[in-house]
Amino acid sequence: MTPLDFEAAYAPLWAELEAVIGVAETKRKFDGARLATLYRRVCEHLALAQARAYPIHLTQRLESLTQSAHRLIYRQHDYGLARFARLALVDFPEAVRAHRVYLWVSALMFVLPLLVAGWAAWRDPGFILHLLDADNVQQFDAMYSDDADAFGRTRSAGDDWQMFGFYVMHNIGIGFRCFAAGIFAGVGSAALVVFNGIQIGAVGGYLIGTGHAQNFLSFVVTHSAFELTAIVLAGAAGLRLGYAWIAPGRHTRLEALRLAARHAVVIVYGVIGLLLIAAAVEAFWSSARWIAPAVKYGVGGACWVLVLAYLGWQGRPRGTAGMVAQKEPGHAG
């Protein structure tokens, strides 16, 4: 679609949003639901215009419209619970779906190395020594053994909170590095995502191959739904930054990075939330040996379904058949 066709197709909707904004700025009562719907639509148009490097006057008009609508929608509760709920229930899953290309690339760069490294370590446990030194391998053996002093033994409440703090710092550190490294043309994010996939897969394959499958899998199955998903999403946000650096379009590279960061940061907020949940589950649930492995498998499977369903469907407006992200004029379907 050419810029002229794009503008001609959606100019009436933009004009309607301008009219709604005008009414909202002069009157206390206005149609908030319609304003929110138009705002989401124009945000999608802005993302398309930026991705296709449409003329600057077009993107500037859409930026101005979305900024004005954003101020009206959130002016009463920018920092309140309603804003947080909006971020969690609408903005974050919408941002993930809007970056689905980067998400799939990041997922492949994580999952494929994980599977290959896991298979190699399962087939030949000695493979793990190519990645970790013998001391680290022995620590993993001890942590997931059936010994009473192994990882997952009965802990006090104070120990659980201490481990929760450790997991928060560790997990968020990984997620932040996967995102921030994208500024190096995306290479840094790609390298970190691949590295994490290889390391996690190799450790898992080694532990399963050496007879620690139940202890290991029952420990990781629940919190991995949140933690591994967050790593992939952080990598996707980093790749978005990298692509803006490589292909800035009509913008300068710094301007393209700024625009990309503004869209990707919503994903980063969600990544932090997922990692906090993962840390809590890992500290208070995953390591609890009094919970039967079968129960952990069931809860873990439910968490995976919940996370995937949340990212795939949460926040979708009703009547999505007309949404530009899914169908444009002239697109058969």
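Assorted remarks:
- The single condition from (1) touching a residue at least 40 places away in the same chain (Cβ under 8 Å); (2) over 14 Å from the mean Cα position of the chain (by Cα) that residue 244 fails is (1).
- Filter result for the condition that a residue is buried (at least 18 other Cβ atoms within 10 Å of the Cβ) and within 24 Å of residue 118 (Cβ to Cβ), over 263, 212: 212
- Matching option when the condition is under 29 Å from residue 277 (Cα atoms), small (Gly, Ala, Ser) and modelled with pLDDT under 90, among 80, 32: 80
- Flag for residue 73 being modelled with pLDDT under 75 and within 23 Å of residue 258 (Cβ to Cβ): yes
- Filter pass, residue 183 being touching a residue at least 12 places away in the same chain (Cβ under 8 Å), of a type in the set (A, V, I, L, M, F, W, C), surrounded by fewer than 21 Cβ atoms within 10 Å (Cβ to Cβ) and touching a helix residue (DSSP H, G or I) at 6+ places or on another chain (Cβ under 8 Å): yes
Let's see how each residue does on (1) in contact with a Leu (Cβ under 7 Å, 6 or more places away or on another chain); (2) without any contact (Cβ under 8 Å) to a residue 24 or more places away in the chain:
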{"position": "234", "(1), (2)": "no, no"}
{"position": "252", "(1), (2)": "no, yes"}
{"position": "256", "(1), (2)": "no, yes"}
{"position": "269", "(1), (2)": "yes, no"}
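- Looking across segment 282-297 at every residue that is of a type in the set (A, V, I, L, M, F, W, C) and open to solvent by less than 30 Å² (accessible area, probe 1.4 Å), the one that is nearest to residue 174 (Cα to Cα) is identified as 283.
- Any chance residue 254 is more than 17 Å from the chain's Cα centre (by Cα), at pLDDT below 90 and open to solvent by 40 Å² or more (accessible area, probe 1.4 Å): yes
The values are calculated or read from the model by the stated rules, or taken from the named source; none is laboratory data. Keep in mind that this is a model prediction, so the values were computed, not measured. Neighbour counts run over all protein chains shown; Cβ positions are idealised from the backbone, glycine included. Remember, those area values only see protein heavy atoms, side chains included, never the ligands or the DNA or RNA. Shrake-Rupley method; radii C 1.70, N 1.55, O 1.52, S 1.80 Å.
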